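**Q** Starting off with a structure, shown below.
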């Protein structure tokens, strides 16, 4: 019975890749890593480690974050496969890309 | 050459400690304006302030409100009282209501009219909603406007509302069409002063210090005999003359940024010593002369008080 419960629990658990959030650091006016590949359903935390505010704009997901001050974060879920280019809403030369694929 | 620009660099300013010397450049030859000449031929006198970043509290300035107040207090001590102030954007650090409130409260202590334009820090938090609520009355489109004073035509542009991935400052087709209409009936002898937060000249691609469609706006301005472009954004004084167009970027009242290419990023110069900070912050006095005379610019650092 215990073994069966364990097996059921394992079946019910979401896949490991969607469990753990992935972090993109903003440092020296750059998104790091700049290009990142993830599985569908990945939760990405954007964290600003600069001394000036930044934001995240993801046009294909119609996402515009508020301004993140130093140590501020913004969370986004990448559900569907695709290539999502994004940029900082106040420093548009800062760009990055999330590739979502199985 | 019928367009001149008076100027004095920050370094000269620091060295001279604020003596009222105004250099002008006539036909490429610098000359010193005597104070009597300056006093008798003034048409309009006003002050540019910029990048007050109310809410910024990190190195090298833990109190951007205090340094903005110091700038306004300095304006109150100028020998000649200016007609008004121009604030060329980044009024706030994070587009927050209380930051706008504080900025307006401090600026109003000069008891002078203040003409504002937005910087990306005033716009990016909410697509300009709070900015337009406060400053958008009587403006067109995304807050752009024009006004005339003493025969000088002022144009206030917004180049922080149409950013695209990988792009730069941007005016957009609608604003340029409006500018064309606005300038259409003006005589070429009308002195023009243009305000925009991000530079309308190419200063640095890697740091995004330019406006991608500024050429289209400048093409509309070239027929005028005297055009002065006032920008902020880069937190340091830079000047350039291109034909009849004089470009000037103002110092911030909050924190200095590095010269292009001298640091890994355009972030604040964190290691500036407390006793040097105010020598790297400042305001600009502008005097428009009668007739086709030069627009004379004098930079004052906050250390001069």
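**Q** So, residue B:77, is that one touching a helix residue (DSSP H, G or I) at 6+ places or on another chain (Cβ under 7 Å) and modelled with pLDDT of 95 or more or not?
**A** Details: touching a helix residue (DSSP H, G or I) at 6+ places or on another chain (Cβ under 7 Å): no; modelled with pLDDT of 95 or more: yes.
So residue B:77 does not fit the description; no.
**Q** Quick one: residue A:102 ticks every box in (1) part of a loop (DSSP other than H, G, I, E, B); (2) at pLDDT 95 or above except a single one, so which number is it?
**A** (2)
**Q** Given the criterion on the phi > 0 side of the Ramachandran plot and either touching a helix residue (DSSP H, G or I) at 6+ places or on another chain (Cβ under 8 Å) or surrounded by fewer than 21 Cβ atoms within 10 Å (Cβ to Cβ) (or both), identify the matching residue among B:172, B:185. First the steps, then the outcome.
**A** Working: B:185 fails: on the phi > 0 side of the Ramachandran plot.
Within the list B:172, B:185, the selection yields B:172.
**Q** Of these, B:260, B:268, B:256, which one is assigned to a loop (DSSP other than H, G, I, E, B) and touching a strand residue (DSSP E or B) at 6+ places or on another chain (Cβ under 7 Å)?
**A** Working: B:268 fails: touching a strand residue (DSSP E or B) at 6+ places or on another chain (Cβ under 7 Å); B:256 fails: touching a strand residue (DSSP E or B) at 6+ places or on another chain (Cβ under 7 Å).
Being assigned to a loop (DSSP other than H, G, I, E, B) and touching a strand residue (DSSP E or B) at 6+ places or on another chain (Cβ under 7 Å) holds for just one of B:260, B:268, B:256, which is B:260.
**Q** Could you check residue B:295 against (1) within 14 Å of chain A (Cβ to nearest Cβ); (2) within 19 Å of the chain's Cα centre (by Cα) and say which number it fails?
**A** It is condition (1) that residue B:295 fails.
**Q** Condition first: surrounded by fewer than 23 Cβ atoms within 10 Å (Cβ to Cβ), at pLDDT 95 or above and part of a loop (DSSP other than H, G, I, E, B). Can you find one or more residues in segment B:225-237 that meet it?
**A** Within segment B:225-237, one or more residues are surrounded by fewer than 23 Cβ atoms within 10 Å (Cβ to Cβ), at pLDDT 95 or above and part of a loop (DSSP other than H, G, I, E, B).
**Q** Somewhere in segment B:250-270, is a residue surrounded by 23 or more Cβ atoms within 10 Å (Cβ to Cβ), over 20 Å from residue B:200 (Cβ atoms), at pLDDT 95 or above and more than 14 Å from chain A (Cβ to nearest Cβ)?
**A** yes
**Q** Mind listing whichever residues of segment B:32-70 are more than 14 Å from every other protein chain (Cβ to nearest Cβ), part of a helix (DSSP H, G or I) and at pLDDT 75 or above?
**A** Residues of segment B:32-70 more than 14 Å from every other protein chain (Cβ to nearest Cβ): B:32-50, B:52, B:63, B:65-70.
Narrowing the set further to residues that are part of a helix (DSSP H, G or I) leaves B:35-40, B:65-70.
Selection gives B:65, B:66, B:67, B:68, B:69, B:70.
**Q** Go through segment B:86-105 and report how many residues are surrounded by fewer than 21 Cβ atoms within 10 Å (Cβ to Cβ) and under 18 Å from the mean Cα position of the chain (by Cα).
**A** 1
**Q** Check A:17, A:46 and return the single one that is at pLDDT below 95 and in contact with a strand residue (DSSP E or B) (Cβ under 8 Å, 6 or more places away or on another chain).
**A** On the way: A:46 fails: at pLDDT below 95.
Matching residue, one of A:17, A:46: A:17.
**Q** Right, here's the next one. Of everything in segment B:108-123, what is within 22 Å of residue A:90 (Cβ to Cβ) and either within 14 Å of the chain's Cα centre (by Cα) or at pLDDT below 95 (or both)? Give them in sequence order.
**A** B:116, B:117, B:118, B:119
**Q** While we're here: Within segment B:188-212, track down each residue that is part of a loop (DSSP other than H, G, I, E, B) and either buried (at least 23 other Cβ atoms within 10 Å of the Cβ) or away from chain A (no Cβ under 14 Å) (or both). Step through it out loud before you land on a result.
**A** First, pick out the residues of segment B:188-212 that are part of a loop (DSSP other than H, G, I, E, B): B:188-191, B:196-203, B:205-208, B:210, B:212.
Once the filter is applied, which keeps residues that are part of a loop (DSSP other than H, G, I, E, B) and either buried (at least 23 other Cβ atoms within 10 Å of the Cβ) or away from chain A (no Cβ under 14 Å) (or both), segment B:188-212 yields B:188, B:189, B:190, B:191, B:196, B:197, B:198, B:199, B:200, B:201, B:208.
**Q** Can you tell me which residue is farthest from residue A:35 (Cα to Cα) among those in segment A:55-73 that are more than 8 Å from chain B (Cβ to nearest Cβ) and in a strand (DSSP E or B)?
**A** Let us first name the residues in segment A:55-73 that are more than 8 Å from chain B (Cβ to nearest Cβ), namely A:56, A:58, A:60-63, A:65, A:68, A:71-73.
Keeping just the survivors that are in a strand (DSSP E or B) gives A:58, A:63, A:68, A:73.
On the way: A:58: 14, A:63: 18, A:68: 20, A:73: 18 Å.
Selected residue: A:68.
**Q** Can you name every one of the helices (runs of 4 or more DSSP H) wholly within segment B:77-172 that holds 1 or more residues which are away from chain A (no Cβ under 14 Å) and without any contact (Cβ under 8 Å) to a residue 60 or more places away in the chain? Full working, then the answer.
**A** Numbers: elements: B:97-108, B:120-123, B:129-135.
Those helices (runs of 4 or more DSSP H) span B:97-108, B:129-135.
Here's the yes/no breakdown for (1) in contact with a helix residue (DSSP H, G or I) (Cβ under 6 Å, 6 or more places away or on another chain); (2) facing chain B (nearest Cβ under 8 Å); (3) buried (at least 21 other Cβ atoms within 10 Å of the Cβ):
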{"site": "A:32", "(1), (2), (3)": "no, no, no"}
{"site": "A:35", "(1), (2), (3)": "no, no, no"}
{"site": "A:46", "(1), (2), (3)": "no, no, yes"}
{"site": "A:53", "(1), (2), (3)": "no, yes, yes"}
{"site": "A:75", "(1), (2), (3)": "no, no, no"}
{"site": "A:79", "(1), (2), (3)": "no, no, no"}
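**Q** Please go through segment B:281-305 and pick out each residue that is surrounded by 21 or more Cβ atoms within 10 Å (Cβ to Cβ), modelled with pLDDT under 90 and either closer than 17 Å to residue B:250 by Cα or in contact with a helix residue (DSSP H, G or I) (Cβ under 8 Å, 6 or more places away or on another chain) (or both).
**A** B:295
The values are calculated or read from the model by the stated rules, or taken from the named source; none is laboratory data. The model shown is predicted, which means the values in this text are computed figures rather than measured ones. Note that each Cβ is placed from the backbone with ideal geometry, even for glycine, and that neighbours are counted across all protein chains shown.
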